[in-house]
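In what follows, a single structure is set out as structure tokens and then discussed.
The values are calculated or read from the model by the stated rules, or taken from the named source; none is laboratory data. Predicted model, so just to flag it, every value in this text is computed and none were measured. Positions of Cβ are backbone-derived with ideal geometry, glycine not excepted, and every protein chain shown enters the neighbour counts.
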Amino acid sequence: MSNVIRTDTEALAAAADPAGSAARAAQLLATLPDMDVAARAAGVRDAVAAAGCDALLVTRLVNVRWLTGFTGSAALLLVLPDELVFTTDGRYGEQSEQQLAAAGVDARRTVAGADGQKQAVLAAAAGLKKLGLEAEAVTWGQQRRYDADWFPDAELVATDALVDRLRQTKDAGEVARIEAACAVADAALASVRRRLLEQPTEAEFGLELDTAMRRLGAEGTSFETIIAAGPNGAMPHHRPGTRRIVEGDLVVIDFGSTVDGYCSDMTRTLMVGEPTATQARMLDVVAASQQAGVEAVAAGVDVAAVDKACRDIIDEAGWGEAFSHSTGHGVGLEIHEDPRVAATGAATLAPGAVVTVEPGVYLPEHGGVRIEDTVVVTSDGCRPLTLAPKLVAVA
Ligand code: ZN
Ligand code: ZN
């Protein structure tokens with residue numbers, strides 16, 4: 001059985017060209033569909049009920065954002081069977097009113113100091129028997145306070161990623177935002193790629209890439225851009241430094257932008273000048289590995305199988321030890337989300353999940369090669385969202 005990789009050939013051609021990729025990014029940014037944020041609470045209520053709870057106190061801010069559209073830095077959201085109770089502090093009164101309204105979210109909203117927020121949640125939670133907490137997001141101290149002070153009459157239940165699990169499946173509006181963020185990154189790389197010939201430092205080149213993403217319409221970067229040239233490329237997460245990029249360098253470029261909170265993630269490894277025989281082989285092997293990984297992606301496939309598809313090819317080349325990280329991860333409002341695409345991962349890919357496939361080989365004497373795409377999982381394969389050309393020699 002062979003999976004289907006849906007790549008629009010016109011978009012692929014545009015992504016290689018500075019003007020074409022910029023036009024494509026602008027077009028995607030201008031036509032972002034609305035998201036049905038208000039509909040998401042229904043899935044959470046089902047999950048809460050299935051976990052045997054009466055309600056869920058959402059404290060992880062990214063989950064509050066996903067459920068309400070609120071982007072501020074402080075909030076609580078109590079998901080009751082028939083109501084949402086949202087609290088925040090005085091800094092975010094106006095903002096929360098606007099953002100919840102824009103998202104079409106109907107919630108009982110309290111804007112108050114810490115004690116006022118607590119009282120609002122306590123009043124709404126009165127009579128609850130089993131209240132779910134987000135176990136991975138609540139500190140020990142918070143749990144003790146919730147138990148002894150906030151909800152002494154309720155049984156607190158440690159729930160496991162109820163909202164996070166729902167977030168794995170992206171709706172069309174979310175995919176559109178990730179795709180636009182990917183297109184911005186494609187266009188940014190196309191616009192600055194040839195600067196590599198002018199011997200910039202890693203940091204200078206990274207700054208140009210970041211600036212280009214902002215100019216092209218990104219809100220920001222989805223993580224600190226990695227530019228790792230020559231021997232630095234052997235460190236998978238090297239931070240850009242003062243080393244000049246010179247002929248003979250493999251340059252690992254791992255970067256992404258954000259659009260409306262949604263992240264993109266892409267790695268390209270560009271060769272400045274002519275590769276040595278080993279460098280050429282590294283590029284070929286990693287490209288074949290990455291292609292095999294993308295081809296393995298489809299709904300219903302175990303993440304471990306995707307990892308294995310990548311790893312087998314690098315193992316065969318004799319560089320298994322030099323592929324020192326897992327194959328990928330989910331991407332969404334966070335740059336690293338579930339599902340983790342790893343040999344030890346137990347997850348199965350769902351349609352609408354957005355994941356990366358990013359094998360690499362790192363050899364201190366020769367440099368590093370990593371190639372990474374962000375793809376959206378479909379029923380019979382995937383659709384790559386990062387389209388910048390691979391294996392481009394900059395010469
Ligand atoms: Zn990356
Ligand atoms: Zn990544």
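Some notes on this structure:
- As a summary of the residue check, Asp338 satisfies the conditions (1) among the charged types (D, E, K, R); (2) more than 16 Å from ligand 1 (Cβ to nearest atom); (3) within 16 Å of the chain's Cα centre (by Cα); (4) within 29 Å of Arg215 (Cβ to Cβ) except for the one numbered (4).
- Options Ala203, Ala158, Ala234; residue that is under 21 Å from Pro275 (Cα atoms), away from ligand 1 (no atom under 16 Å from the Cβ) and more than 21 Å from the chain's Cα centre (by Cα): Ala234
- Highlighted here are the helices (runs of 4 or more DSSP H) found entirely within the stretch 53-155 that include at least 3 residues which are closer than 23 Å to Ala38 by Cα and in contact (Cβ under 8 Å) with a residue 60 or more places away in the chain: 61-68.
- Tally, over the stretch 243-256, of residues that are in contact with a strand residue (DSSP E or B) (Cβ under 6 Å, 6 or more places away or on another chain), within 14 Å of ligand 2 (Cβ to nearest atom) and either part of a strand (DSSP E or B) or not assigned by TED's automatic domain parsing to the domain that holds Ala183 (or both): 3
- When we screen Arg311, Arg340, Arg281 for residues that are of a type in the set (Lys, Arg) and either touching a Ser or Thr at 6+ places or on another chain (Cβ under 6 Å) or under 29 Å from Leu32 (Cβ atoms) (or both), the only hit is Arg340.
- Filtered by the rule that a residue be surrounded by fewer than 21 Cβ atoms within 10 Å (Cβ to Cβ) and either part of a helix (DSSP H, G or I) or among the charged types (D, E, K, R) (or both), the stretch 194-209 gives Arg194, Arg195, Leu197, Glu198, Ala203, Glu204, Leu207, Glu208.
- For the stretch 257-270, taking the residues that are buried (at least 24 other Cβ atoms within 10 Å of the Cβ) and of a type in the set (Gly, Ala, Ser), the one that is farthest from ligand 2 (Cβ to nearest atom) is identified as Ser257.
- Test: residue in the stretch 218-236 that is part of a loop (DSSP other than H, G, I, E, B) and at pLDDT below 95: yes
- Looking only at the stretch 91-106, residues that are farther than 14 Å from Arg65 by Cα and in contact with a strand residue (DSSP E or B) (Cβ under 6 Å, 6 or more places away or on another chain) come to 1 in all.
- Unique residue being assigned by TED's automatic domain parsing to the domain that holds Arg177 and more than 16 Å from ligand 1 (Cβ to nearest atom) when the list is Thr344, Thr327: Thr344
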